[in-house]
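Computed from the coordinates by the stated procedures, all read-outs in this text should not be read as laboratory data. For clarity, every value in this text was computed on a predicted model and none was experimentally measured. All Cβ positions, glycine included, derive from the backbone under ideal geometry; neighbour counts span all protein chains shown.
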Amino acid sequence: MKQIKTAQEAIAAIKDGDSIMAGGFMCCGQAYTLVDAILEKGLKNLTLITNDAGLPGKGAAKLIEQKRVGKLVASHIGLNPEAGKQMNSGEMKVELVPQGTLAERIRAAGAGLGGVLTPTGIGTAVEEGKQKVTVDGREFLLEKPLSAEYAFIKAHTVDKYGNAYIAKAEKNFNIVMALAARTVIVEAEHIVEPGQLDPDRVTLPGALVHVIVEAKK
Amino acid sequence: MSDTKISKRDRIAMRIARELPHGGLVNLGIGMPTLVANYLPKDSGILLHSENGYIGLGPDAPAGQEDWSIVNAGGKPMTIVPGASFFDSAMSFSIIRGGHLDATVLGALEVDEEGNLANYMIPGKMVPGMGGAMDLVVGARIVIVAMEHVSKDGKPKILRKCSLPLTARKEVDIIVTDMALIRVTHKGLELAEVAEGVTPEQVIAATEARLEVRADLKTF
């Protein structure tokens, strides 16, 4: 059985400067309760790894707006004007990663791989400083694994073993990120007893989950 | 120019809809490419892929009936169609990069004679990030660019060589604009079709890249 905690307890060990992966795509499938707890605690200079800088006033976008992020690793920041502003002023470092490469770098870290070879980014600025590898005559970029201290995962339902059902298009990065962080916190709308979640409906195995938090209504 | 009331953007979308393979799996970029969905024939059998993690993207969700666990790549609530399936980002981009996507339709800032595409940043001005564009362009079997033929200030966007940072090298197959349909071949760009009311000379004048006019030039 996993520990069920309040959001405040779940993030108690997180310090300024720590790295956090947050699932979600344009805030869809993002752990809002955990993000709010980070804001309340006043944490800053975080490294945030997430698909995008989100939409103003929602989810992890608030971490950027309230200047809690020292470094952002994302594929897209165009719909949150504050992210571009902080990148241009140098207040926040931004590493832009092609979306498929971001998913695979995270998966590689969590799957025990030394990186991935991808054709994405060949002939573009993305290849700068990276090793190129030719396999059967085709050129690939070596993209290295990406891990974090914490992962914030949003689920629809979780049982007390941590087995989670992540609904519809909320899956996005919530599955690979649960592989790649030292501490994985799942925020779920529903927490159920073992046996109540059909094992066939489990999208994230409980073995990857450390802490469970109930989402704020 | 044509005297019909169809907008330039709709004309481009209508032509691209005819180019997509029957029964295919297609990703439409945000903006003008999204309009293509309005012109797919009812029996096209085409399923739309949404990069954030599903196949079977339907129309916008009606007001008051939004399900916020189904959004498109722009974060807008959408619907799904019968035959839909949901998956995570690793699967979504395996589908894209692995050659399982029949076509992708994207906007462009610049395209050039070699089929190079620049559509994700203007240094110092607009740096939104590439999102899924680099993977889509590398992975999709057919890459179709949908854009206005010239920029807002009348400058050519189809160039001898792109000046902006590239999204991908030598991946564009077809360029559809309000003036023309151009195919990218290993020999360069072929002017295959002109829009109704547009002459090949007008297209050549509005294009910096060299165009080979096809002997069987058609009109759309």
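On the basis of the beta-carbon distance and an R0 of 56 Å, residue A:207 and residue B:19 show a calculated FRET efficiency of 0.75. Residue B:159 sits among other residues whose Cβ lies under 12 Å from its own Cβ, and their net charge, with Lys and Arg +1 and Asp and Glu -1, is 0. Taking every residue in B:79-87 and counting other chain Cβ atoms within 10 Å of its Cβ, the average works out to 2. For segment B:110-137, backbone nitrogen atoms closer than 18 Å to the point 7 Å from residue B:160 Cα along Cα-to-C-beta are found at B:110-117.
Averaging 1/r across all pairs of distinct Cα atoms in chain A and inverting the result yields a Kirkwood radius of 17.6 Å.
Here residue A:67 is the anchor, and the lysines within straight C-alpha reach of less than 21 Å, apart from those fewer than 8 places off in the same chain, are A:15, A:41, A:44, A:58, A:85, A:93.
Protection proxy ranking, highest mean first, for peptides A:130-136, B:194-200, B:121-127: B:194-200, B:121-127, A:130-136, where packing is the per-residue count of other beta-carbon atoms within 10 Å, averaged.
Can you tell me what percent of all Cα-Cα pairs in segment A:136-217 are more than 17 Å apart? Cα-Cα pairs in segment A:136-217 separated by more than 17 Å: 46 percent.
For the residues of A:114-124, the average number of beta carbons from a partner chain within 10 Å of their own beta carbon is 6.
Taking label points 7 Å from Cα along the Cα-to-Cβ direction, residue B:63 and residue A:1 give a separation of 4.9 nm. Between helix B:8-19 and chain B there is an angle of about 80 degrees, using the helix long axis and the longest principal axis of the Cα atoms.
Panel values: segment A:1-128, Kirkwood radius from alpha carbon pairs, Stokes-Einstein at 20 °C and 1.002 mPa s, translational diffusion coefficient 138 µm²/s.
FRET efficiency for the pair residue B:216 and residue A:41, taken as 1/(1 + (r/R0)^6) with r the Cβ-Cβ distance and R0 = 60 Å, rounds to 0.30. Ordered by the number of other Cβ atoms lying within 10 Å of each residue's own Cβ, fewest first, A:95, A:82 fall into the sequence A:95, A:82.
Give me log10 I(q)/I(0) at q = 0.09, 0.13, 0.14, 0.18 Å⁻¹ for chain B, Debye formula, one equal scatterer per alpha-carbon, no solvent. The Debye formula, applied to the Cα set alone, gives -0.36, -0.75, -0.86, -1.35.
Ordered by the number of other Cβ atoms lying within 10 Å of each residue's own Cβ, fewest first, B:7, B:50, B:44 fall into the sequence B:7, B:44, B:50.
How high is the FRET efficiency from residue B:185 to residue A:113, r the C-beta distance, R0 45 Å, rounded to 0.05? Once rounded, the FRET efficiency stands at 0.70.
Quick one: net charge around residue A:202, please, counting Lys, Arg +1 and Asp, Glu -1 for every other residue with C-beta under 15 Å from its C-beta. Surrounding charge for residue A:202 is -2.
Entry note, chain B: the mean residue ellipticity at 222 nm calculated from DSSP H runs of n ≥ 4, each adding -39500 (n - 2.57), is -4500 deg cm²/dmol after division by the residues and rounding to the nearest 500. Counting Cβ atoms of other protein chains within 10 Å of each residue's Cβ and taking the mean over peptide B:159-166 gives 1. Converting phi to 3J(HN,Hα) with the Karplus coefficients 6.51, -1.76 and 1.60 and the offset θ = phi - 60°, segment A:139-147 yields 8, 10, 9, 8, 10, 8, x, 10, 10 Hz in sequence order, with x at every glycine or proline. Each of B:22, B:149 was scored by other Cβ atoms within 10 Å of its Cβ. Arranged with the fewest first, they read B:22, B:149.
Within 10 Å, Cβ to Cβ, of residue B:184, how many net charges do the neighbouring residues add up to if Lys/Arg are +1 and Asp/Glu are -1? Could the numbers behind the result be given before it?
On the way: positive: B:170, B:183, B:187; negative: B:112, B:113, B:114, B:171, B:173, B:190.
Once all neighbours under 10 Å are counted, the net charge is -3.
Which listed residue (A:178, B:115, B:32) has the Cα farthest towards the positive end of the charge dipole for the protein assembly as shown, taking +1 on Lys and Arg C-beta and -1 on Asp and Glu C-beta about the Cα centre? Positive-end residue among those listed: A:178. Out of every Cα-Cα pair that the protein assembly as shown contains, those further apart than 39 angstrom amount to 22 percent. Applying the Karplus relation 6.51 cos²θ - 1.76 cosθ + 1.60 with θ = phi - 60° to segment A:45-54 yields 3J(HN,Hα) values of 6, 6, 9, 10, 10, 7, 4, 8, 7, x Hz, where x marks Gly and Pro.
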